[in-house]
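The values are calculated or read from the model by the stated rules, or taken from the named source; none is laboratory data. Because the structure is predicted, anything quoted here is derived from the model rather than measured. Every residue, glycine among them, receives a Cβ derived from its backbone with ideal geometry; neighbour counts consider all protein chains shown.
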Amino acid sequence: MQRKFTLLLSILFILILTACGNNTTNKEVSGNNSGITDTGVAPETELVIKATNYSFDSKEYHLKKGVPVKIIFENESGNHGILIPEFNLKLNRENTSQVIIPEEAGTFEMSCSVMCGSGHSAMIAKIIVD
């Protein structure tokens with residue numbers, strides 16, 4: 001009886017480890033994260049945005065109007081994401097980059113898209129398009 005219980009426990013443990021293992025999505029494998037937009041436009045520049053607990057690495061990020069840019073999100077500590085509704089941009093651990101073309105000049109708010117704790121509501125920055 002004890003051998004059966006040990007075998008069952010071992011199988012359960014292996015299943016749990018498999019479920020928590022490598023979480024590669026089809027998007028990553030197929031290359032859809034290559035940096036080319038749906039219209040086939042390659043980015044002219046890149047912007048890396050890093051997130052740590054309750055802050056981004058800068059209070060302001062500058063982009064140029066009409067210039068394709070690849071936004072790359074790096075989550076350095078905690079569980080965070082970024083959301084910029086005006087650019088239809090939402091990045092997180094699974095979706096770490098996207099190419100956008102800012103068409104309007106102005107100042108836009110970027111916020112954390114993942115509820116990350118007590119400092120979540122203060123986790124904002126500005127995207128300034130010149």
Next on the checklist: Of all residues being in a loop (DSSP other than H, G, I, E, B) and not acidic (Asp, Glu) in region 66-77, which is farthest from residue 52 (Cα to Cα)? Just the residue, please.
Outcome noted: 66
Checklist entry - Taking region 78-130 on its own, how many of its residues are on the phi < 0 side of the Ramachandran plot and either assigned to a helix (DSSP H, G or I) or within 13 Å of the chain's Cα centre (by Cα) (or both)? => result 28
Item to check | Checklist (1) touching a Cys at 6+ places or on another chain (Cβ under 8 Å); (2) at pLDDT 95 or above applied to residue 80, failing item | outcome: (2)
Item to check | Meets criteria (among the basic types (Lys, Arg) and closer than 11 Å to residue 112 by Cα) for residue 70 | outcome: no
Checklist entry - Do any residues in region 44-73 that are closer than 17 Å to residue 104 by Cβ and free of Cβ contacts under 8 Å to residues at least 60 places away in the same chain have Cβ atoms under 6 Å from those of residues that are surrounded by fewer than 17 Cβ atoms within 10 Å (Cβ to Cβ) and charged (D, E, K, R), where the two are at least six apart or on different chains, and which pairs are they? => result 67/44; 68/44
Checklist entry - Residues in region 105-123 that are surrounded by 13 or more Cβ atoms within 10 Å (Cβ to Cβ), at pLDDT 90 or above and either more than 14 Å from residue 89 (Cα to Cα) or of a type in the set (D, E, K, R) (or both): how many? => result 1
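Regarding residue 71, is this residue within 10 Å of the chain's Cα centre (by Cα) and either buried (at least 17 other Cβ atoms within 10 Å of the Cβ) or on the phi > 0 side of the Ramachandran plot (or both)?
Numbers: within 10 Å of the chain's Cα centre (by Cα): yes; either buried (at least 17 other Cβ atoms within 10 Å of the Cβ) or on the phi > 0 side of the Ramachandran plot (or both): yes.
Answer is yes for this residue.
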